[in-house]
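See below for the structure under consideration.
Just so it is clear, none of the values below were taken in a lab; they were calculated from the coordinates. All figures in this text were calculated on a predicted structure; none of them were measured in a lab. We place every Cβ from the backbone using ideal geometry, glycine too, and count neighbours over all the protein chains shown.
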Amino acid sequence: MAVFDLLGRRWAQRVIWELREGQPTFRALRERCGNPSPSVLNTRLTELREAGVVETVEGGGYRLTEDGRRLLEALLPLHAWAERWAKRVSPG
């Protein structure tokens, strides 16, 4: 499925996760994501916009679309599982 291809690309899920709050600018989003290269982040944002998951806002920021918010809701259980898994494999 195309959605799995998109979500499997480096930084895609992180971008969606970091857009859960606010409307960060490119620079702020890059910092939130852990500083991926500008070209990679730009490519990922373009792909997510083309997929209808992310949109730009006036002033140069980014936010999730309604479909993006629904996708985030679907990713929340995965995030919760990942936190539990991380604690189990690397305690303390």
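At most 14 other Cβ atoms within 10 Å plus a DSSP loop assignment makes a site exposed; report the longest stretch of the chain without any exposed GluC sites (Glu not before Pro).
Value returned for the longest uninterrupted segment is 22-57.
Only Cα pairs under 8 Å and at least 6 apart count here; give the relative contact order of the chain as a rounded whole percent.
After rounding, I find 27 percent.
Applying the Karplus parametrisation 6.51 cos²θ - 1.76 cosθ + 1.60 with θ = phi - 60° to the phi angles of the stretch 65-82, what ³J(HN,Hα) value in whole Hz is obtained for each residue in order, glycine and proline being reported as x?
7, 4, 4, x, 5, 5, 5, 4, 4, 5, 7, 4, x, 5, 4, 4, 4, 4
Where does the chain land at 222 nm, in deg cm²/dmol rounded to the nearest 500, when only DSSP H runs of n ≥ 4 count, each adding -39500 (n - 2.57), divided by all residues?
-19000 deg cm²/dmol, from helical runs alone.
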